[in-house]
Amino acid sequence: MTEKPKTLHLNFADLIVLSLIFFGYATAASLYGYLGILQSGYAAPDYAALTFSDRDNYNSIIIELVSLAAAWLYLRLRRFDFK
């Protein structure tokens, strides 16, 4: 059985998928926050939403690690040559 050759270069579709993996959550969270401000009618953001606790920091690190693992898995499935 012959093996499929490894991918040496990323094409445009790969870049789109990787962009969605890395920036999709941040874009969606930002959009939901913006739409929430529009619906509530507040002109200025709530200062309680501007605080960032230790738990929020750990959650952000976990989200980044999950997105990194998803990108690695995607590239492995696409047989990307990491060398």
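Some observations on this one:
- One residue stands out in the stretch 1-40 among those that are within 30 Å of Arg79 (Cβ to Cβ) and polar (S, T, N, Q): the one that is surrounded by the fewest Cβ atoms within 10 Å (Cβ to Cβ), namely Thr2.
- A single member of Arg76, Arg55 is surrounded by 10 or more Cβ atoms within 10 Å (Cβ to Cβ) and modelled with pLDDT of 90 or more, and it is Arg76.
The values are calculated or read from the model by the stated rules, or taken from the named source; none is laboratory data. Just so it is clear, the structure is predicted and the values come from calculations on it, not from any experiment. Cβ: placed from backbone, ideal geometry, glycine included. Neighbour counts: every protein chain shown.
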